[in-house]
Amino acid sequence: MSSTVTQRFLSYYAKLFTSFFCAATILVGIGPVRAQDNDTGFIWFAGITEEDGFRPGDWFTSNFTVKRPSFRTDWRRENIEVNEAGEMVLRLHPTKPGFEKDFAGAELQRKKKTHYGRYEVVMTAARGEGVISAFFTYTGAHFNDPHDEIDFEFLGRDTTKVWVTRFASGKRLPGQWLELGFDAAEAPHLYAFEWLEDEIVWYADGRELLRISAADTALPVTPGRVYISIWGGGEDQKNWSGIAPDDTVAVAKYNCMSYRPVGGSNRQCSDGY
């Protein structure tokens, strides 16, 4: 991590998240999140105080059973924690006998909508057959919107690659399985995508991975929300992620997330990592 991340700030940061997750228990699982104004930019970064831009109340933790039968993972708030290094840790593990789903995973979403601009994350992907850890934007029917989405999805069966994809107006558009040149599960790396009106560009450690243009394909246009998650794949995902064994245990670690709108000047992960 950056040398600017001091123990004093990490202690403050951990206390804020403890308060945040306690407060979140009354906010999740109560129906669609109320739409809010588009975000003017944010950064979540170990060592940054609330006054500088870290506001725990801006986030929801998911805590419910996903209704779709093909989805093997429940979202559980207790599977998100901040470790001693100041990293946000998302855990995946088997549920106890008698539960509806095979796994308990974790998902965090930002309340406010975001739109065109640059999105960044510093993270260490989860490893394991059938394990998916992700950073993405999403909106859909739950928010009375068309399904628009832009993704970084790390498939734990081969973390030397990353899956990037997008949805536009409910249509799943072709994703791509891209070589990273390193193992994303070994250490934190900086990933980014720029979502513009006429193109989307994905990056890893500042290197361009893929560029798609509105002149060639449909692009998402609806403001969405920033998400991170970890979950286990099943039969419906076997040709993509593989099937997670029933005893799978995995973690994904997040050090920073940021969004800078077009024309914005707020700090980004790449400014301090």
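Laboratory data are not the source of any read-out in this text; all were calculated from the coordinates shown. For clarity, every value in this text was computed on a predicted model and none was experimentally measured. Quick reminder, even Gly has a Cβ in these numbers, built from the backbone with ideal geometry, and neighbours come from all protein chains shown.
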Rounded to one decimal in nm, the spacing of the 7 Å Cα→Cβ label points at Asp183 and Asn83 is 1.5 nm
If one computes the Cα centroid of region 70-113 and of region 207-273, what distance in Å separates the two points?
16 Å
For an R0 of 30 angstrom, estimate the FRET efficiency from the Cβ-Cβ distance between Lys238 and Ala214 and round to the nearest 0.05.
0.35
Among Asp236, Asp216, rank each residue by its count of other Cβ atoms within 10 Å, from fewest to most, as a rough exposure measure.
Asp216, Asp236
Which whole number of Å³ per residue matches the convex hull of the alpha-carbon atoms in region 176-273?
152 Å³
How far is it, in nm, from the label point at Lys171 to the one at Val262 when both lie 7 Å from their Cα along the line to the Cβ?
2.1 nm
Net charge dipole size for region 117-257 [Lys, Arg +1 and Asp, Glu -1 on Cβ; Debye, nearest 20]
100 debye
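Tell me which GluC sites (Glu not before Pro) from region 175-273 have a DSSP coil assignment and no more than 16 other beta carbons within 10 Å of their own.
Here the sparse-neighbourhood loop sites are Glu186, Glu197.
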With a/c under 1.5 counting as rounded, go ahead and sort region 86-183 into rounded, prolate or oblate using the C-alpha gyration tensor (a ≥ b ≥ c being the square roots of the eigenvalues; past the cut-off, prolate if a/b is larger than b/c, else oblate).
oblate
